[in-house]
Amino acid sequence: MTRTATRNVPRDLRRLADSWGVLRAYTGQDGTRVQVGVDALVGVLRALGAPVERVDDAGDALLARDATRAQTLVPMVTVAWGDAAPVIDVRTTGDERVALEIETEAGTAYAITSDECRVERSVCEEVDGRASLVRSLALPRTLPHGVHTVHVRAGTRRASATLVCAPAHAANDWRARRWGVFAPVHALRTARDDAGPGDLRDLGTLAAWAARHGGAVVGTLPLLAAYLDEPYEPSPYAPVSRRYWNELYADVRALPGGDTTRPTIPAHDGLVDLRGAYAQRRAVLEAAARDADVTSYVRSDPGVERYARFRAEREAREDGATTEARARYHVYAQAVMHEQLTELTRTLDARGQALYLDFPLGCHRDGFDVWDEPGAFAPEVSVGAPPDGFFASGQDWGFPPLHPERSACGGHRYFAECVERHLRYARVLRVDHVMGLHRLWWIPPGHDPADGAYVRYPFDQLYARLCLASERYGAALVGENLGTVPPEVNRELRRHRIGGMHVAMFDVDAEAPGGIRPPPRGSLTALDTHDTATWAEFWATTDGRTRAALTRALRDEGLLRGDETDERDVLRAVLTLLARSRAAVLLVALEDLWCERDAQNVPGTVAPENWRRPAAHALDELDDVPGLVELVRAVQQARGGSR
């Protein structure tokens with residue numbers, strides 16, 4: 001695809017892009033500098049709210065942008081880290097007196113004048129032909145960590161903004177070297193309930209099994225609400241909402257007066273029938289919902305009624321049915337999920353274990369969150385990725401991005417609420433595509449995935465909301481920083497003590513001890529991810545030279561004996577190598593323990609087997625799988641024999 005070079009982009013369009021945080025060029029995976037085309041710049045700017053339909057509109061749009069900036073009394077969000085006194089930037093037309101009122105999250109109010117503040121710096125600017133003075137006012141007192149409101153008055157002008165006082169670091173305790181097991185809930189099954197899909201009881205059973213062998217973490221794919229009827233969208237990374245849960249995973253055997261036998265449905269072609277299972281389990285939940293009292297749950301989460309009404313009305317449009325019973329069902333289903341997730345968390349906490357959940361980057365374009373928070377999103381564009389070595393045409397992930405400035409207008413409330421919903425239960429949270437806190441690839445309407453542009457995000461503000469949530473819930477954070485990410489991403493992860501990720505198959509290096517570049521201290525390490533080949537498939541399909549180099553390096557480290565070349569021997573050696581490392585957490589995919597060849601998902605495809613593969617072995621048979629217990633014992637011993 002031909003792209004116009006930056007030097008051919010009109011000056012006003014370049015300046016307009018810069019003012020909105022649209023990157024005019026980026027560094028590709030191969031290190032080359034790629035210029036963004038004029039049409040893509042115009043499309044992305046229009047989606048952000050700039051009044052541009054064509055290139056010639058850029059000059060007037062720039063004047064409007066400058067006028068807005070000149071009238072901005074105070075930034076929408078200010079961050080104060082740690083115990084530092086907040087510093088508020090105030091833009092005035094002269095050296096006029098400024099009055100501030102701080103309304104804390106707890107309801108306490110403080111009145112402060114500019115005379116009481118220390119001026120950290122003072123800068124004269126000319127914007128839109130008008131002179132202004134920007135003063136950085138250091139407040140005379142520190143504030144408790146929280147989300148506060150600043151009311152500013154300068155002359156006749158008034159404005160309010162959000163002040164986030166956040167801990168400098170996430171609540172990660174990386175001193176303990178833990179290991180755990182990862183499995184999609186849909187894949188879990190017992191010998192009695194062979195068809196699946198699994199539920200939260202099965203996830204608890206997996207956690208109990210891991211605990212018996214020293215595992216301190218149990219992880220799974222996102223458990224968020226999904227369309228499993230119409231439109232059918234099984235991907236856990238395209239949820240209806242990032243605030244509500246998928247009742248497919250409710251343990252219906254635990255319902256009051258319920259049948260102790262879980263309803264199951266025969267698998268199709270050896271795959272889990274998610275649609276059929278959802279219909280069966282929904283019928284059980286609907287029956288229980290008729291007599292259930294959900295009053296206390298609704299009081300704790302008033303927004304659930306909006307969610308339930310949205311789901312009910314959407315379903316009614318599909319079949320013409322009434323909505324009242326459907327809405328009641330959805331409220332009850334969320335109440336059940338909340339109760340069962342809470343109980344699972346309590347059980348794990350009591351054993352010293354942690355539930356690991358995955359926080360997806362986005363949500364379904366036609367889902368509840370986009371409908372409920374229309375001002376927070378840029379609904380006409382899609383998030384994706386530019387071309388790389390795996391996807392030569394780029395990627396379109398289909399969901400709309402958060403609008404950086406509209407999100408900031410609300411103090412990033414929606415983003416923080418989504419995170420906190422997860423941290424009610426999770427003690428470890430993986431932030432998918434953590435680069436998205438810094439910039440996202442926007443694809444304008446009518447454009448190919450390759451013909452988009454990166455849009456900057458106020459990462460400091462988003463990290464502040466993350467760290468504050470982490471402190472409040474005592475939860476560790478992990479950022480998915482795999483692949484090509486800008487250097488500032490890893491720098492910010494280190495700054496805030498948020499763990500990064502290390503995947504063994506990406507870091508094979510014959511020159512490294514053991515043949516794999518070691519995980520950074522405090523990271524989460526794994527053999528693979530849900531979006532890669534399994535370890536057995538990687539080992540079977542990688543070239544012979546790489547296999548020979550890795551086995552030689554493992555022998556040099558004393559992790560393989562000379563006659564050991566079987567894939568299970570290599571698996572044990574690599575797991576031992578990772579377990580001995582400085583990584584904070586080693587997360588082992590359950591299916592890797594028996595050398596599963598088939599992956600749960602093949603990125604970039606809509607293959608019917610994606611997100612539907614049942615585990616080859618039942619939970620109550622794990623200890624009988626040849627060599628499996630020996631593997632986890634080796635991991636436990638190499639991690640230090642303790643949690």
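Brief remarks follow.
- Here the extension length gained between ALA350 and THR68 equals 96.2 nm, from 0.36 nm per residue of separation less the Cα-Cα distance.
- Contour minus Cα-Cα distance for ALA510 and THR541 (0.36 nm per residue): 9.4 nm
- The loop-placed GluC sites (Glu not before Pro) in the stretch 460-536, going by DSSP, that have at most 13 neighbouring Cβ atoms within 10 Å of their Cβ come out as GLU511.
- Amide hydrogen neighbours beyond the local backbone of PHE182, cut-off 5 Å, H modeled: GLY219, VAL588, ALA589, LEU590
- Student exercise, the chain dipole from Lys, Arg, Asp, Glu Cβ charges, in Debye to nearest 20: 1840 debye
- Dividing the summed helix terms, -39500 (n - 2.57) for each DSSP H run of n ≥ 4, by the number of residues in the chain produces a 222 nm estimate of -10000 deg cm²/dmol to the nearest 500.
- Annotation: amide H of ALA25 within the under-5 Å range of VAL36, sequence separation 5 or more or interchain, hydrogens built in the peptide plane.
- Here the stretch 291-340 is treated with +1 on each Lys and Arg Cβ and -1 on each Asp and Glu Cβ, and its dipole about the Cα centre works out to around 200 debye.
- Between the stretch 378-418 and the stretch 297-362, the Cα center-to-center distance that results, in Å: 24 Å
- About its Cα centre, the stretch 15-95 has a charge dipole of approximately 80 debye under the convention of +1 per Lys or Arg Cβ and -1 per Asp or Glu Cβ, with nothing else charged.
- The stretch 83-166: C-alpha gyration tensor shape, a/c 1.5 cut-off, then a/b vs b/c: prolate
- Extension gain, ASP269 to ALA287: 0.36 nm times the residue separation minus the Cα-Cα distance gives 3.5 nm.
- Here the chain carries DSSP beta bridges of which approximately 65% are antiparallel, counting only pairs with both residues inside.
- Against the chain, whose longest principal axis comes from its Cα atoms, helix 38-48 is set at around 90 degrees.
- Our coupling estimate for the stretch 71-86, obtained by passing each phi through the Karplus curve with A = 6.51, B = -1.76, C = 1.60 and θ = phi - 60°, is 8, 7, 6, 8, x, 4, 9, 10, 10, 10, 9, x, 9, 6, 5, x Hz, Gly and Pro reported as x.
- 3J(HN,Hα) along the stretch 477-483, derived from phi through the Karplus expression 6.51 cos²θ - 1.76 cosθ + 1.60 where θ = phi - 60°, amounts to 10, 10, x, 6, 10, 7, x Hz, with x in place of Gly and Pro.
- Grouping the Cα pair distances of the chain into 20 Å bins from zero gives a pair-distance distribution of 17, 48, 30, 5, 0 percent in increasing distance order.
- Exposed-site-free run, longest, the chain (rule: chymotrypsin sites (Phe, Trp or Tyr not before Pro); DSSP loop; at most 15 other C-beta within 10 Å): 391-643
- Euclidean distance of C-alpha centroids, the stretch 438-475 and the stretch 57-94, integer Å: 20 Å
- The stretch 566-619 and the stretch 20-52 have Cα centres spaced 38 Å apart.
- Considering only LEU577, PRO197, ALA308, the residue lying farthest towards the positive end of the dipole of the chain is LEU577, judged by Cα position with unit charges set on Cβ.
Computed from the coordinates by the stated procedures, all read-outs in this text should not be read as laboratory data. Remember, predicted model here, so these are calculated numbers, not experimental data. Glycine gets a Cβ as well: all are built from the backbone with ideal geometry, and neighbour counts include every protein chain shown.
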